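Undergrad: One structure, pasted below without further comment.
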Amino acid sequence: MQVPLQFEFQNDQTFASFFPGNNAEIVTQLQALAENGQEQQIFIWGDAGSGKSHLLQACCQQAKLAGKDPFYMAFDADHLPAPTLLDGLEDLELVCFDNMQALAGHLDWEHALFAFYNTHRQNNHKLLLAADCPPKFLGFDLPDLKTRMAWGLTLKIQPLRDDQLIEALTYKAHFLGFDIPPAVGRFLLNHYVHDLAALWLLLEKIDRATLAAQRKLTIPFLKQILAEET
């Protein structure tokens, strides 16, 4: 057996740091998957910035706490590794693959993934998949592979409503260790609500900036931080 590549845990991406909004049921299902629940496979999909990668990382960390040896991989269509990455993964109790849409059209990967999938499932191990669309819209050339992606639960991450965005900002900022006044939150959303992925990354920069400057977050200070982004 080839030893799979290790991946880096994102320590801040846990279930506790995820603002669920209308996705409490997804969190419950993934927590059960991590702790050997009844489901063998779950496929989640949603827009960029909706929290797919966060949830996959959280599931891995929960599995680790439960004494399992999980694996996470986020695919990038422009920088795909060799399909031999999959060698040995069939023996792991939980495998999480992110950005499944990036594999579409890469036949070497599709064939390798099909073989991995069958063996991993026969071993009765857990599989968590994520993409930007439901399985039936994945552009795989192998019809049987697309069919297998639809086995198990398929769950859509519901986007946050406008009234939930301030709650999410406050929740995530509090988890990072700083406060966002309502006026500052509204200002931030007016500039970044169109790009949630960038918004969550910006929160980490705000956290570092407030800590380094030992300042509370105000609109003038936020403008200063945003100016450094451009």
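The values are calculated or read from the model by the stated rules, or taken from the named source; none is laboratory data. Not measured: the values here are computed from a predicted model. When we count neighbours, we look across all protein chains shown, and the Cβ atoms used for this are built from the backbone with ideal geometry, even at glycine. For the accessible areas, the whole protein counts, side chains as well, though only heavy atoms, and no ligand, DNA or RNA atoms are used. Shrake-Rupley method; radii C 1.70, N 1.55, O 1.52, S 1.80 Å.
Undergrad: Among the residues of region 61-82, how many are assigned to a helix (DSSP H, G or I) and crowded, with 18+ Cβ neighbours inside 10 Å? Steps first, please.
TA: In the first step, residues of region 61-82 are kept if they are assigned to a helix (DSSP H, G or I); the result is 61-65.
Still in the list and also crowded, with 18+ Cβ neighbours inside 10 Å: 61-63.
The total comes to 3.
Undergrad: When you scan region 159-230 for helices (runs of 4 or more DSSP H) that lie fully inside it, which ones turn up with 1 or more residues that are polar (S, T, N, Q) and open to solvent by 20 Å² or more (accessible area, probe 1.4 Å)? Before the answer, list the steps.
TA: Details: elements: 162-176, 182-192, 196-213, 219-229.
Ranges flagged: 162-176, 182-192, 219-229.
Undergrad: Please enumerate the residues belonging to region 21-40 that are free of Cβ contacts under 8 Å to residues at least 12 places away in the same chain and open to solvent by less than 70 Å² (accessible area, probe 1.4 Å). If you could, list the steps in order and put the result at the bottom.
TA: Within region 21-40, the first condition is being free of Cβ contacts under 8 Å to residues at least 12 places away in the same chain, and the residues that meet it are 24, 28, 32, 37-38.
Those that are free of Cβ contacts under 8 Å to residues at least 12 places away in the same chain and open to solvent by less than 70 Å² (accessible area, probe 1.4 Å): Ala24, Ala32, Gly37.
Undergrad: Quick check: is even one residue across region 131-140 in contact with a Gly (Cβ under 6 Å, 6 or more places away or on another chain), touching a residue at least 12 places away in the same chain (Cβ under 8 Å) and under 20 Å from Tyr72 (Cβ atoms)?
TA: no
Undergrad: Just one of (1) without any contact (Cβ under 8 Å) to a residue 40 or more places away in the chain; (2) touching a His at 6+ places or on another chain (Cβ under 6 Å) trips up Phe18, so point out which.
TA: Tallying (1) without any contact (Cβ under 8 Å) to a residue 40 or more places away in the chain; (2) touching a His at 6+ places or on another chain (Cβ under 6 Å), Phe18 fails exactly one: (1).
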